[in-house]
Amino acid sequence: MPVFDLSVTSLREFNSMLHSLAAGANDTAFEVVNPRGHHAVAVGIDAPVTVDIRGSVGYYCAGMNDGGNVTVHGSAGPGVAENMMSGTVVIEGDASQYAGATGQGGLLVIKGNAASRCGISMKGIDIVVHGNIGHMSAFMGQSGHLVVLGEAGEALGDSLYEAKLFVRGSVKSLGSDCIEKEMRPEHLEKLSELLHRAGVRGVRPEEFKRYGSARQLYNFNIDNADAY
């Protein structure tokens, strides 16, 4: 496994190497040491490679990931896995603001806590947070799933479209047009699958509540003017 030491190799050189990998390349697994909070580590991956980052990273790690499997053995700054298309990103520690923002596919797993706006404007990504999430998470979430084993902050799911939210702990407050919904068999099945994929064991889907859109803000309605 090739090892890239970011105290010696430039971040631009490392990312350029990932972008230039041809189909059928011999090396498909890479290790990064001494990330030292660098921003934009392993962004723009578009091949089925594995990247293990030994330490914490800054802004936008694994952004625009399309098919890669990235693990951060530490914590991540704002915007981790932003606009991810496919693949898997795992954060062993905590994640800062807007983790998984605008993500269109793939799986983001945060084994610690996530700060505010986790999953903002999510468009198909699946996010599983082992800990708690901050305020305004899943704001304008369009599709995909946000699973939270801990607690959720204020204004969860504000202006939500059709993303599905599952929270095991308490929710401080729900945002505009977000309501608790019935947990039907198909939701339990999907939740069980997501928990398994995220490495969660010993937790039953029945322990969660489901939240979704009341579908009152899709079109302008004068009666709801104060909510816009």
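Quick one: 3J(HN,Hα) in Hz for region 179-189, Karplus 6.51/-1.76/1.60 with θ = phi - 60°, rounded, Gly and Pro as x.
Running phi through 6.51 cos²θ - 1.76 cosθ + 1.60 with θ = phi - 60° gives 9, 6, 10, 5, 9, 8, x, 5, 6, 4, 5 Hz.
Going by C-beta contacts inside 10 Å, put His130, His19, His145 in order with the fewest on the left.
With the fewest neighbours first, His130, His19, His145 line up as His19, His130, His145.
Please get the size of the charge dipole for the chain, origin at its Cα centre, with Cβ charges of +1 on Lys and Arg and -1 on Asp and Glu, quoted in debye to the nearest 20.
For this selection, approximately 260 debye.
So how far apart, in nm, are the two label points at Ser20 and Asp223 if each is 7 Å from Cα heading toward Cβ?
Spacing of the two 7 Å Cα→Cβ label points: 6.2 nm.
Can you run the Rg to Rh ratio on region 3-218? Use alpha carbon positions and the Kirkwood inverse-distance Rh.
Radius of gyration relative to Kirkwood radius: 1.00.
Considering only DSSP beta bridges where both residues belong to the chain, give the percentage that are antiparallel (nearest 5).
Antiparallel bridges: around 15 percent, rounded to the nearest 5.
So how do Cys61, Cys118 line up by other beta-carbon neighbours within 10 Å, fewest first?
Starting with the residue having the fewest Cβ neighbours, the order is Cys61, Cys118.
For an R0 of 30 angstrom, estimate the FRET efficiency from the Cβ-Cβ distance between Ile179 and Val203 and round to the nearest 0.05.
After rounding, the FRET efficiency stands at 0.80.
For an R0 of 35 angstrom, estimate the FRET efficiency from the Cβ-Cβ distance between His196 and Arg54 and round to the nearest 0.05.
The calculated FRET efficiency here is 0.85.
Give me the net charge for the shell around Met136: Cβ to Cβ below 10 angstrom, other residues only, Lys and Arg +1, Asp and Glu -1.
-1
With point charges of +1 on the Cβ of Lys and Arg and -1 on the Cβ of Asp and Glu, referenced to the Cα centre of the chain, which listed residue (Asn26, Val203, Gly100) lies farthest in the positive direction of the dipole?
The one lying farthest along the dipole's positive direction is Val203.
Every number here is computed from the coordinates shown, using simple stated rules; none is lab data. Quantities reported herein were computed from a predicted structural model and do not represent experimental measurements. Glycine also receives a Cβ, built like all others from the backbone with ideal geometry; neighbour counts cover every protein chain displayed.
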